[in-house]
Amino acid sequence: MFKLCTLGIVLCLLAPSHETTPGTVVRVHQEALEYVCQEGRPFLIKGMMAIQVPAYKPPGFIFGSVLKIVGIKILDVQLPHLSVKLIPKTGVQLSFSSKLHMKGNILEWKLGSSILLDVRVTRSPSGFPILSITACKSLLGDIQILFGGNNLLGFLRPFQNHLRAILVDKMCLSVSNVVLGLNAHLRTMVGLNTINSMSHLQYSMLENPDITSEYMDLDLDAAFEMMGKPVQDSSPLPPFSLPPQETADDDSMVTMGLSDDMFEHFFQTLEKSGAFNLNIGGKSGSGDFHLSTSMLQSAIPSLAQKYPRDVAIALIVVLAELPVVTLKEGRATLSISPTIHLEVADSSSETLCSLRCVLALSLQVDVSPTYLQLSVALQGEMGLEMVSSSVKDVQVSKMRTIIVSVMEKNFLAHMNAVLVGGISLPKLANVQYTDGDIEIHEGYAQVNCDLDYKH
């Protein structure tokens with residue numbers, strides 16, 4: 001479809017958040033609209049070449065049967081000028097000039113035209129962008145009519161009037177249909193984005209876009225769902241908006257702002273779905289991790305008496321507390337507190353003890369063509385404290401070396417495997433982000449990128 005579709009993409013993106021919805025903002029700059037325009041040339045040309053002009057017979061002309069013009073076709077369309085600009089609080093205005101080469105059974109002619117189209121951008125009741133045409137003005141220039149190598153414009157003045165009467169309306173109708181055809185494509189913005197087999201992320205517009213003369217901000221709700229039900233946070237969220245652009249140096253087409261609440265809801269969804277939980281060791285297929293009661297006797301002396309025969313131990317890591325994401329200038333961190341259960345891997349499945357592990361992780365965020373890539377790494381020392389125990393004399397300090405090693409090697413690798421799918425960015429089908437870079441600011445992450453439409 002018309003690359004103005006990216007205008008759609010452009011439209012599809014977001015702005016501040018409301019009430020309890022995580023804030024996400026996409027700011028579409030003038031550069032994006034200009035790109036959309038140039039990509040849209042083939043679709044405009046195709047639409048204009050499809051215009052049908054009825055046959056013409058000069059009324060009352062004695063030689064009308066001879067000069068009847070039938071089989072009128074548009075042979076070629078050129079668009080020497082094509083531009084778009086933002087109309088504050090309304091939408092965009094598309095303007096272009098064209099050169100048409102037309103031919104009938106006995107005549108051939110060329111004419112120029114110009115079109116001015118006003119497009120309003122609003123929100124549908126279902127939460128996706130809708131384009132509507134509020135005004136269209138089409139003007140035709142002089143028509144050069146050739147017959148046998150001679151210019152017959154004066155002789156066939158009525159034919160010129162016939163063309164004007166037909167083309168003025170049909171050109172506006174054709175271009176309007178190309179733009180309105182994007183509405184079916186814009187629906188793709190509200191589709192489900194898979195997080196894992198149990199959970200999804202869905203974007204939808206909250207209100208009409210905020211449009212200035214320099215950019216367009218669109219407000220989206222980022223709704224996280226698990227098993228078809230919303231993942232809700234009981235605490236109200238503060239409103240979020242992307243600060244005004246400070247300098248004109250950044251010529252990115254699109255700027256997106258994702259609040260720390262957005263990241264926090266993402267990790268909360270993974271936590272609630274059990275994606276971070278992990279069973280390490282004690283069973284076949286546990287890799288090179290082996291832990292047994294004899295290996296723990298220095299940390300838990302009573303195990304020698306309770307388990308005279310060496311028995312395998314499993315570490316069951318359960319994340320039951322909400323992760324906390326903190327975005328500061330230039331860095332992102334994630335704080336989690338999983339509980340580690342040491343369980344005897346025999347028929348008794350006895351839990352020897354439970355330890356609370358406090359992990360401060362650095363959060364690395366990168367931009368791909370369709371989503372944010374996430375990974376974590378340990379930052380500083382790992383905190384470890386006793387929660388409960390079914391055995392006596394558990395010495396946490398002596399167990400620390402084993403636990404830290406296992407968590408660093410196995411659990412962090414597991415977390416990064418879970419995060420490999422990243423956070424899907426709001427987009428339209430066939431549209432990707434290019435040349436993306438990310439900035440971490442106080443309370444939000446900012447993505448700067450260009451657009452690439454895949455035909």
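Counting only helical runs of four or more DSSP H residues, what would the 222 nm mean residue ellipticity of the chain come to if each run contributes -39,500 (n - 2.57) and the total is spread over all its residues?
Numbers: 10 runs with 96 residues, N = 455.
Counting only the DSSP helices, I get -6000 deg cm²/dmol.
May I ask for the equivalent-ellipsoid semi-axes of the range 409-455, computed as the square root of five times each C-alpha gyration tensor eigenvalue and listed largest first in whole Å?
Details: eigenvalues 138, 58, 15 Å².
After scaling each eigenvalue by five and taking roots: 26, 17, 9 Å.
If I take R0 = 56 Å and measure r between the Cβ atoms of residue 170 and residue 370 in this structure, what FRET efficiency does the formula 1/(1 + (r/R0)^6) give, to the nearest 0.05? List each step's numbers first, then the result.
Working: r = 39 Å, r/R0 = 0.69.
Here the calculated transfer efficiency is 0.90.
Assuming a ≥ b ≥ c are the square roots of the Cα gyration tensor eigenvalues, decide whether the range 322-455 counts as rounded (a/c under 1.5), prolate (otherwise, with a/b larger than b/c) or oblate. All intermediate terms of the calculation are to be shown ahead of the outcome.
Working: a/c = 3.82, a/b = 2.36, b/c = 1.62.
Prolate.
Which aspartates and glutamates have a Cα lying under 20 Å from the Cα of residue 454, excluding residues fewer than 8 positions away in the same chain?
31, 34, 39, 435
Roughly how many Å² is the accessible area per residue of the chain, as a whole number, for a 1.4 Å probe? Intermediate results must be reported in sequence, preceding the final value.
Values: 20380 Å² over 455 residues.
The answer is 45 Å² per residue.
State the Cα centre-to-centre distance between the range 376-391 and the range 304-343 in whole Å.
Taking the Cα centre of each part, the range 376-391 and the range 304-343 sit 6 Å apart.
Let me know the charge dipole size of the range 164-254 about its Cα centre in debye, to the nearest 20, where only the beta-carbon of Lys, Arg (+1) and Asp, Glu (-1) is charged.
Rounded to the nearest 20 debye, it is 740 debye.
Starting from 0.36 nm per residue, how many nanometres of slack lie between residue 305 and residue 439 once their C-alpha separation is accounted for?
Details: separation 134, 0.36 × 134 = 48.24 nm, distance 5.68 nm.
Once the chain is fully extended between residue 305 and residue 439, it gains 42.6 nm.
Quick check: at a probe of 1.4 Å, how many percent of the accessible area of the chain sits on carbon and sulfur atoms? Provide the component values of the computation, followed by the final result.
On the way: 10530 of 20380 Å².
That fraction is 52 percent.
Charges on Cβ only, +1 for Lys and Arg, -1 for Asp and Glu, centred on the Cα centroid of the chain; of 160, 262, 420, which one is farthest towards the dipole's positive end?
After comparing all options, I get 160.
Select one label from (1) 23.1; (2) 26.3; (3) 22.0: the one whose number is Kirkwood radius over Cα pairs in Å as derived from the coordinates shown.
So the calculated entry is the one marked (2).
How far is helix 30-39 tilted off the main Cα axis of the chain, in degrees rounded to 10, range 0 to 90?
Helix 30-39 sits roughly 60 degrees off the main axis of the chain.
On a full-extension model of 0.36 nm per residue, what is the gain between residue 134 and residue 412, subtracting their alpha-carbon distance, rounded to one decimal in nm?
Working: separation 278, 0.36 × 278 = 100.08 nm, distance 5.46 nm.
Taking 0.36 nm per residue and subtracting the Cα distance, the gain is 94.6 nm.
Using only Cα atoms and rounding to the nearest 10 degrees, what angle (0 to 90) does helix 396-406 make with the longest principal axis of the chain?
The angle comes out near 40 degrees.
Enumerate the lysines that residue 392 could reach by cross-link, defined here as Cα to Cα under 26 Å, with residues fewer than 8 away along the same chain left out.
283, 306
How large is the translational diffusion coefficient of the range 380-425 in µm² per second when you combine the Kirkwood radius over alpha carbon pairs with Stokes-Einstein at 10 °C and 1.306 mPa s?
On the way: Rh = 13.0 Å.
Stokes-Einstein gives a translational diffusion coefficient of 122 µm²/s.
Please sort 400-411, 205-216 by packing, taking for each peptide the average over its residues of neighbouring beta carbons within 10 angstrom, highest first. Can you show the working numbers first?
Working: 400-411: 16.7, 205-216: 18.7.
Final packing ranking: 205-216, 400-411.
Note the full-extension length gain between residue 227 and residue 298 as 0.36 nm times their separation in residues minus their Cα-Cα distance, in nm to one decimal.
Using 0.36 nm per residue and subtracting the Cα-Cα distance, I get 21.1 nm.
Based on the mean of other beta carbon atoms within 10 Å per residue, what is the order of 133-144, 365-376, most packed first? Please list the in-between numbers first.
Working: 133-144: 14.8, 365-376: 16.9.
My ranking of the peptides, most packed first, is 365-376, 133-144.
Put +1 on the Cβ of each Lys and Arg and -1 on the Cβ of each Asp and Glu in the chain; which of 386, 86, 253 then has its Cα farthest toward the positive end of the dipole?
86
The values are calculated or read from the model by the stated rules, or taken from the named source; none is laboratory data. Because the structure is a prediction, the values reported are computed rather than measured. Because the Cβ atoms are built from the backbone with ideal geometry, glycine has one as well, and the counts that use them run over all protein chains shown. When the accessible area is computed, the model is the full protein with side chains, heavy atoms only, and any ligands, DNA or RNA have been set aside. Shrake-Rupley method; radii C 1.70, N 1.55, O 1.52, S 1.80 Å.
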